[in-house]
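Report on one structure; see the data block that follows.
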Amino acid sequence: MATAQQATHSLESIDDVQEALGTQQYVADSSLSTAIYLALKLPKPLLLEGEAGVGKTEIAKVLAAILGTDLIRLQCYEGLDVSHAVYEWNYPRQMLAIRAAEASHESREAAMAEIFSENYLIKRPLLQAIEHRGRAPVLLIDEIDRADEEFEAFLLELLSDFQVTVPEIGTLVAEHPPIVIITSNRTRELHDALKRRCLYHWIDYPTVDKEYKIVQTKVPGVNDRLAMQIATFVAELRQIDLYKVPGVAETLDWAAALMALSQTELSSEVASTTLGAILKHQEDIQSIRKGKLDELIGAANSSD
């Protein structure tokens, strides 16, 4: 869980949101800024869909920094269940407590009451978000499409009431409901019931001009020409049939690699030797080196 910092931004308009994102080096268009603004004002969970690496997860991180609050992250995966997402009992500690009670001849009833108290409860991300004290945290439910449909159904109830019932303790209700950001890479369709509870925004691959600004913002020292060459090369690369199209994260990795090699402009030789920063399948790398590299470099150079 990220540590909260003091809030320094008043988000009273869409322009305020866009400006605040900029202070955190996140380049956002007006439609995304509008979605974030509405999610804060209504308030409603914000469901962000898009290809991997386009900056969905980063939204939650920068929003927590802007608001000066904690970021609580639940990373979803196949087989995720309540015990890993909400809470579970600390069984080893409970067993030790029972043995200690037996050794001291403590009554069984008193021992059972103690081991099913909050002292023995392991709080997972969703319960942490509900029990959070002070400023409402940002709850990131990352890659919800990787979780099973059963977990998605459980999430519906939690997003409706922001409360969790622990049978041995009772119902725990959020004092300040969290700001919820849900991301999906759309590996499967989400239920309409979940979508109805959320505001929705699709984050697409950026335009050349936007990716150029992102590279300039996120990679210190990169010159304007190289930044534009990188953005153009990657944009053209995404038009090719690949196993895995590079996202913005890969673009930034490549730009950082080129800076580490002290490059000031893009050439066929350096592009060929650094393709592993943006392409993660050997078949893609071989395909580009054999037939497309010169064409891509030509397009990048024509952007000067």
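The values are calculated or read from the model by the stated rules, or taken from the named source; none is laboratory data. Predicted model, so just to flag it, every value in this text is computed and none were measured. Cβ placement follows ideal geometry from the backbone for every residue including glycine, while neighbour counts extend to all protein chains displayed.
If you go through the range 277-292 one residue at a time, how many are exposed (fewer than 15 other Cβ atoms within 10 Å of the Cβ) and in a loop (DSSP other than H, G, I, E, B)? Residues flagged as exposed (fewer than 15 other Cβ atoms within 10 Å of the Cβ) and in a loop (DSSP other than H, G, I, E, B) within the range 277-292 amount to 2. The selection criterion, being crowded, with 17+ Cβ neighbours inside 10 Å, closer than 21 Å to residue 196 by Cβ and assigned by TED's automatic domain parsing to the domain that holds residue 184, does not hold for residue 130. Just one residue in the set 52, 64, 100 is part of a helix (DSSP H, G or I) and surrounded by 14 or more Cβ atoms within 10 Å (Cβ to Cβ); that residue is 64. Once the range 172-201 is narrowed to residues that are of a type in the set (Val, Ile, Thr) and surrounded by 14 or more Cβ atoms within 10 Å (Cβ to Cβ), the residue that is farthest from residue 51 (Cα to Cα) is 179. Scanning the range 158-171 for residues that are in a strand (DSSP E or B), touching a residue at least 40 places away in the same chain (Cβ under 8 Å) and surrounded by fewer than 19 Cβ atoms within 10 Å (Cβ to Cβ) returns a single hit, 166. In the range 58-81, the condition of being among the polar types (S, T, N, Q) and farther than 30 Å from residue 213 by Cβ is met by no residue.
Within the range 15-36, is even one residue surrounded by 13 or more Cβ atoms within 10 Å (Cβ to Cβ), touching a residue at least 60 places away in the same chain (Cβ under 8 Å), in a helix (DSSP H, G or I) and charged (D, E, K, R)? Checking the range 15-36: not a single residue is surrounded by 13 or more Cβ atoms within 10 Å (Cβ to Cβ), touching a residue at least 60 places away in the same chain (Cβ under 8 Å), in a helix (DSSP H, G or I) and charged (D, E, K, R).
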